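Report on the following structure.
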Amino acid sequence: MKKFIYIKKLMLWATMILSQCLFYSCDYLDVVPDNIATLEHSFANRLEAERFLFTCYSYIPNTSGVGSNIGLCGSDELWTNRFRENDGLRVARGEQNINDPLLNYWEGRRGANVNLYNGIRDCNIFLEILADESQIYDLPPDVRRRWICEVKFLKAFYHFYLFRMYGPIVIADVNIPIDATPDEVRVKRMPVDAVVDYIAGLYDESLGDRENQDLPKEIMNRQTELGRITQAVVLSMKARLLVTAASPLFNGNPDYRDFKDKDGVQLFPQEYDHRKWELARDACKIALDACEEAGVAPYVFYPTKTLQPETELDVSIRNSFSDDLWSSEIIWGLSGGGRRGNDQIQQKSMSRLNPNARQSNTVANDELNPTIQITDFFYTKNGVPITEDKTWLTGYTRLDIMTVGPEYKYNLVEGYDIAAMHFDREPRFYAYLGFDGSVWYMENSQNETVWTLKCRVGQQQARYGADYFSVTGYWPKKLVNWKYVIADNNTRVVVDYPWPEMRLPDLYLLYAEALCQTDDLNTAVEYVDKVRARVGLKSVAESWSQYSNQPEKYKDKDGLMEIIKQERTIELMFEGSRYWDIRRWKDLNRLNQTIQGWDIDQETAEAYYRPKSLFNQTVIVPRDYLSPIREYELIVNPNLVQNPGW
């Protein structure tokens with residue numbers, strides 16, 4: 001009874017307004033709150049309880065938000081000249097701090113659009129009420145079970161999001177009672193292994209009875225329920241958790257040998273445990289089986305008009321990520337308008353394509369810009385790294401100027417002079433990137449090369465004003481839905497797409513990584529090849545044996561891991577994955593580098609294609625592997641300890 005009174009008091013001040021909806025259906029958008037925010041009202045009937053369910057969903061971080069997703073701009077993939085408006089980029093510039101941490105999801109401050117512990121609190125309230133079958137008179141048993149499964153998943157996911165950022169976290173399994181003693185309120189951070197076991201257990205619980213489908217295998221009512229949790233979502237996110245836990249950052253990390261709580265409890269495991277990779281491997285396979293059963297499959301593009309093979313492949317690769325009709329390879333997509341819509345990220349990624357429009361930064365502001373060094377990760381057309389290809393640019397250097405011949409016209413502007421490094425790259429290079437001398441095909445294109453980028457001084461896509469321009473000379477074309485329209489009257493049409501929290505290629509590559517770490521290299525290569533086949537590349541074996549100066553690389557465990565890492569970096573580029581990957585791999589020193597772009601304020605190709613230093617990026621290891629907790633939190637709760645180095 002005491003817990004119920006406490007929860008009721010909490011909810012007197014809790015808002016019932018959904019700041020955002022995860023779904024396209026107007027049913028989910030039309031959630032109008034009552035002015036009386038009490039538990040009796042919140043769970044008075046099925047309709048009110050469903051509103052509370054959507055409140056639990058509303059705490060999912062806005063991963064398509066340019067400033068709210070630390071993964072998008074917190075590493076070295078994207079840059080901008082407007083960094084003060086982007087907290088993720090400020091992290092990349094070394095401005096993280098303990099006084100008021102950037103993107104503080106522990107408390108919901110400084111760019112973090114939600115407080116995840118508040119989200120966990122609301123999940124706990126929901127689960128406690130629904131556990132009492134006498135509550136909510138008109139709620140059918142099967143719906144009750146499904147909702148319980150969904151909220152258990154959300155509770156696990158919010159814990160995982162915090163774990164990935166902060167490492168050892170406070171486990172909030174139940175809400176603290178109102179009459180708790182000071183010692184009970186001063187909670188402690190739990191060791192990494194305990195946190196992982198807890199989250200994995202919650203994921204298991206959230207599956208309910210799989211045979212009876214307490215949680216559906218797939219979404220059948222696609223009009224109203226896309227974005228809600230399925231068995232495949234749960235199993236895939238559990239696989240991501242276990243791969244993360246098996247990775248070097250969390251699996252026997254001597255950098256944190258002295259990281260202990262106030263009672264001397266070791267918070268990071270110090271002994272490497274190979275069994276963690278076995279558990280991760282098995283979890284990935286179970287998730288893949290569930291995805292196959294649910295109809296998740298590599299994306300296939302069906303054009304509405306005849307396209308050349310190069311153009312069709314380009315659009316297919318882009319739409320596998322940003323298809324507004326839900327790509328078949330999305331395992332879990334986050335959708336909806338407003339806060340969770342991706343209008344902003346498309347506007348910031350779009351170039352001023354239409355030469356007939358008097359364009360302003362309201363239609364395309366050129367603000368998100370890939371760096372030169374991230375473009376170097378893309379393979380050559382032969383499917384191997386540019387540093388390994390024996391045949392690429394024979395007789396040329398990367399910065400030599402070459403004229404585009406007719407054989408390249410579906411990717412590059414025919415007759416235009418550009419740097420040699422932009423020739424003969426793999427299909428994802430042209431599908432993901434816009435750059436000087438490239439073609440940008442859109443649905444409203446009148447022919448296959450109608451939109452082109454020419455970025456030197458005096459040309460259409462050159463620097464526009466003091467603020468809005470590509471500071472590097474690149475655009476993340478991948479992030480823009482191909483139905484984006486810049487009209488002649490200086491207006492735009494933006495079509496939202498579900499932001500892929502988990503795609504099938506991501507799961508393929510997690511599985512390949514776990515297979516490699518458990519010495520099943522042949523099967524690991526098979527799953528890397530599944531990713532490569534969809535984007536038009538030859539198999540790993542064929543590409544490396546024929547074109548690489550390291551033809552045996554894929555047959556060696558370390559060599560194959562290098563290939564898997566590069567494949568993940570390319571395939572998941574601009575999706576927010578690299579930020580987390582280089583941390584769990586303990587590869588963060590890669591960010592001690594100079595961020596570069598082209599010398600954009602030049603008229604000639606020879607002058608334009610000179611790399612220009614934009615920022616000397618510096619990270620401190622191991623400090624920057626984990627985000628800091630705000631100093632104030634440590635004062636209020638002296639049982640908390642700060643992450644090392646902060």
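The values are calculated or read from the model by the stated rules, or taken from the named source; none is laboratory data. These figures come from a predicted structure and were not determined experimentally. All Cβ positions, glycine included, derive from the backbone under ideal geometry; neighbour counts span all protein chains shown. These accessible areas exclude ligands, DNA and RNA; they are computed on the full protein's heavy atoms, side chains included. Shrake-Rupley method; radii C 1.70, N 1.55, O 1.52, S 1.80 Å.
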Note to self: with every protein chain in place and a 1.4 Å probe, the chain gives an accessible area per residue in Å² of 38
Given unit charges at Cβ for Lys, Arg (+) and Asp, Glu (-), the dipole magnitude of the chain about its Cα centre in debye, nearest 20, is 1060
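Based on the alpha carbons, how large is the Rg to Rh ratio for segment 558-627 when Rh follows Kirkwood?
1.09
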Scattering profile of segment 132-231 from the Debye formula, Cα beads only, expressed as log10 I(q)/I(0) at q = 0.13, 0.23, 0.24 Å⁻¹, is -0.61, -1.17, -1.20
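So what is the diffusion coefficient of segment 496-646 in µm² per second by Stokes-Einstein at 37 °C and 0.692 mPa s, using a Kirkwood Rh over Cα pairs?
Values: Rh = 18.8 Å.
Stokes-Einstein gives a translational diffusion coefficient of 174 µm²/s.
Defining a contact as two alpha carbons under 8 Å apart and six or more residues distant in sequence, what relative contact order in percent does segment 256-395 show? Let's see the in-between values first.
Working: 84 pairs, mean separation 15.5, N = 140.
Normalised by residue count, the contact order of segment 256-395 is 11 percent.
Identify the chymotrypsin sites (Phe, Trp or Tyr not before Pro) of segment 166-237 meeting these criteria: DSSP loop state and at most 15 other C-beta atoms within 10 Å of the C-beta.
Details: sites: TYR166, TYR198, TYR203; in loops: none.
Loop-located and lightly packed - none at all.
By per-residue mean of other Cβ atoms within 10 Å, what is the highest-first order of 425-432, 171-178, 595-602? Show your work: numbers first, answer last.
Working: 425-432: 22.8, 171-178: 15.0, 595-602: 18.2.
Listed from highest to lowest mean packing, they are 425-432, 595-602, 171-178.
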From the cross-link list LYS152/LYS260; LYS538/LYS586; LYS305/LYS483, the entries with a Cα-Cα span beyond 24 Å are LYS152/LYS260; LYS538/LYS586
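With an 8 Å cut-off on Cα pairs and a minimum separation of 6 or more residues, tell me the relative contact order of the chain in percent.
Details: 1240 pairs, mean separation 107.3, N = 646.
It rounds to 17 percent for the chain.
For segment 325-481, compute the orientation-averaged projected area of the C-alpha convex hull (one quarter of its surface), in nm².
Working: hull surface 44.8 nm².
With the hull built on Cα positions only, its mean projection is 11.2 nm².
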With the charge dipole of segment 234-274 built from beta-carbon charges (+1 for Lys and Arg, -1 for Asp and Glu) about the Cα centre, the Cα from PRO248, GLN266, MET237 projecting farthest to the positive end belongs to MET237
Among segment 171-214, those whose backbone N falls under 13 Å of a label point 7 Å along Cα→Cβ from LYS262 are 182-189
Projecting the Cα atoms of TRP475, SER316, VAL143 onto the charge dipole of the chain, where Lys and Arg contribute +1 and Asp and Glu -1 at Cβ, the residue farthest towards the positive end is TRP475
The percentage of the accessible area of the chain (probe 1.4 Å, all protein chains present) made up of carbon and sulfur atoms, to the nearest whole number, is 48
Once GLU95 and GLN546 are pulled to full extension, the length gained, defined as 0.36 nm per residue separation minus their Cα-Cα distance, is 157.8 nm
For LYS409, counting only lysines whose alpha-carbon sits under 17 Å away and dropping same-chain residues fewer than eight positions off, the answer is LYS381, LYS454
Percent relative contact order for segment 400-522, counting Cα pairs under 8 Å at least six residues apart, stands at 16
Unit-weight point scatterers at every alpha-carbon of segment 247-400, Debye formula, q = 0.09 1/Å: log10 I(q)/I(0) is -0.63
Checked against the positive end of the charge dipole of segment 193-237 (+1 on Cβ of Lys and Arg, -1 on Cβ of Asp and Glu, about the Cα centre), the farthest of GLY227, LEU215, GLY201 is GLY227
To the nearest 20 debye, segment 90-215 has a Cα-centred charge dipole, built from +1 on Lys and Arg Cβ and -1 on Asp and Glu Cβ, of 820
With +1 on the Cβ of every Lys and Arg and -1 on the Cβ of every Asp and Glu, the dipole magnitude of segment 144-204 about its Cα centre, in debye rounded to the nearest 20, is 300
Inter-part gap, Cα centre of segment 63-91 to Cα centre of segment 489-534, in whole angstrom, is 22
In the chain, helical segments from DSSP H whose Cα atoms cover 15 Å or more along their own axis and that average at least -1.0 on the Kyte-Doolittle scale are 2-13, 46-57, 116-130, 141-166, 192-206, 231-246, 275-293, 309-322, 504-517, 521-534, 557-571
Check: C-alpha center segment 155-184 vs C-alpha center segment 445-476, spacing in Å is 47
